[in-house]
Amino acid sequence: MIALTARLGLWQLDRAQQKQALQAQLQDRDRLAVLDAAVLARTPAQVPDQVQRRVRLQGRWVPQATVFLDNRPMAGQVGFLVLTPLRLDDGSAVLVQRGWVPRHRLQRDLLPTVLTPDGPIRLHARVIAQPSRLRELGPPAPAGLIRQNLDLATAARETGLALRPLALLQLDGPGQPTGADGLRRDWPAPDFGIERHHGYAAQWFALSALGAGLLLWFGLLRSRLSSRHDPIRHDR
């Protein structure tokens, strides 16, 4: 037990170190040159190297393909994440997680008003592999404007668009008023769970120390103490 729990503690520390290295790598990518449509990934193999890179694109929204992801809280409020494809000048498209909007308190199926410009727009965003996703206990809900999750393959099949194999997290552009389209974009920093791994490691090391203490007590100290206080053994 001592060896096993100590090994599990070291494994959790190793996992924390891996997460720290990944966090540093993604932070470094945020400082790299901004991507454009010409170099934005077209194959899944190109996506991992572009995650967390900033991108600047020009295109037109496809508002009829907008989807609202339900059960996404922000700042203590319940609301939706708004997903809309952006059709690029070359005919391809990319799925954009545009922002967050609160849900009606009484009518869950009442969709909020989201301003979606008709003309060409310039988008400032950050690359993410997939839109925000929650664990689903049952089968996916039927297609509709309100969803629990939406993956890229489903979005491409339902819209008929040639979607790039990644998603974008929209950012407020320079000089653009925050929430001008009715959406909040104060995105939280990615949670790598580093502190959680440190906590698990501390628990495993505590169990290992407990096992060592029990072994020391029952295997050595207790027998010696009992022999010292045993009058029969003492007389002999």
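Within region 191-215, residues that are part of a loop (DSSP other than H, G, I, E, B) reach partners that are surrounded by fewer than 16 Cβ atoms within 10 Å (Cβ to Cβ) and of a type in the set (A, V, I, L, M, F, W, C) with beta carbons closer than 7 Å, at six or more positions or on different chains, in the pairs 192/22. When residue 15 is tested against (1) over 19 Å from the mean Cα position of the chain (by Cα); (2) in contact (Cβ under 8 Å) with a residue 60 or more places away in the chain; (3) in a helix (DSSP H, G or I), exactly one condition is not met: (1).
Bear in mind that the values in this text are calculations on the coordinates, not laboratory data. Quick caveat: nothing in here was measured; it's all calculated off a predicted structure. In this analysis, Cβ positions are derived from the backbone assuming ideal geometry, glycine residues included, and neighbour counts consider all displayed protein chains.
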